[in-house]
Amino acid sequence: MARHVFLTGSPGVGKTTLIQKASDVLKSSGVPVDGFYTEEVRQGGRRIGFDVVTLSGTRGPLSRVGLQPPPGKRECRVGQYVVDLTSFEQLVLPVLRNANSNSGPEQRVCIIDEIGKMELFSQPFIQAVRQTLSVPGTIILGTIPVPKGKPLALVEEIRNRNDVKVFNVTKENRNHLLPDIVTCVQSSRK
């Protein structure tokens, strides 16, 4: 039976919106939820990057167009976006460590939006995700990209796990998936 739930689909199809709605439904039914999501940053109608936003409301840059890496650090680039690894790790790693320190009897849900090219530049993030996947009291509700080009090792590892249910989000089904996603996460908690 699936324990972790992941959404996949084309960029802009609504995965993050579904994750946020599912998180709200789960929280309102008393489920402990923590984690983060990514959000587009626009300036003058044009996308200039992405921010990481934790569910506790902390926000910081994930990537920006034209960002310069700190002196002595390698540039981590996806297309026109340069990833701010330091900011990403400072925001996300404490959230994942907290999810992994689940000492109570109650299962909690950890939102990870997303496990994609930008995030996978961080080795500590990869290790923290693997650890979170194996913590008995934690259920991950996350997003992964559609496979294209060279496979991303961690994404394929997640996709092939027998305790993972993957929902393929499309424009046609995105408005009907929320109850199925919430039910799947809630049944993982039993």
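The values are calculated or read from the model by the stated rules, or taken from the named source; none is laboratory data. Remember, predicted model here, so these are calculated numbers, not experimental data. A quick note on method: Cβ atoms are made from the backbone with ideal geometry, for glycine too, and the neighbour counts reach across all protein chains shown. For accessibility, only protein heavy atoms count, side chains too; no ligands or nucleic acids. Shrake-Rupley method; radii C 1.70, N 1.55, O 1.52, S 1.80 Å.
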> Cross-link list Lys21/Lys73; Lys15/Lys150; Lys21/Lys148: which exceed 31 angstrom alpha carbon to alpha carbon?
Replying inline: Lys21/Lys73
> Going by accessible area, probe 1.4 Å, with all protein chains left in place, what is the ranking of Ser134, Ser28, Ser187, largest first?
Replying inline: Ser28, Ser134, Ser187
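How much net charge surrounds Leu55 when only other residues with a Cβ under 15 Å from its Cβ are counted (Lys, Arg +1; Asp, Glu -1)?
-1
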> Can you pull the percent of the stretch 1-147's accessible area that's carbon plus sulfur, 1.4 Å probe, other chains left in place?
Replying inline: 51 percent
> In whole angstrom, and with the biggest value first, how far do the Cα coordinates of the stretch 39-173 range along each principal axis?
Replying inline: 45, 35, 28
>> I'd like to compare 163-175, 115-127: which one has the highest average count of other Cβ atoms within 10 Å, and what's the full order after that?
In response: 115-127, 163-175
>> Within 15 Å, Cβ to Cβ, of Ile158, how many net charges do the neighbouring residues add up to if Lys/Arg are +1 and Asp/Glu are -1?
In response: +1
>> Give me, ordered by chain and number, the residues 5 or more places off Phe167 or on other chains with an amide H under 5 Å from its own placed amide H.
In response: Phe6, Leu7, Thr8
>> Could you report the chain's accessible area per residue, 1.4 Å probe, as an integer in Å²?
In response: 50 Å²
> Are there trypsin sites (Lys or Arg not before Pro) in the stretch 53-94 that DSSP marks as loop and that have at most 13 other Cβ atoms within 10 Å, and which are they?
Replying inline: Lys73, Arg74
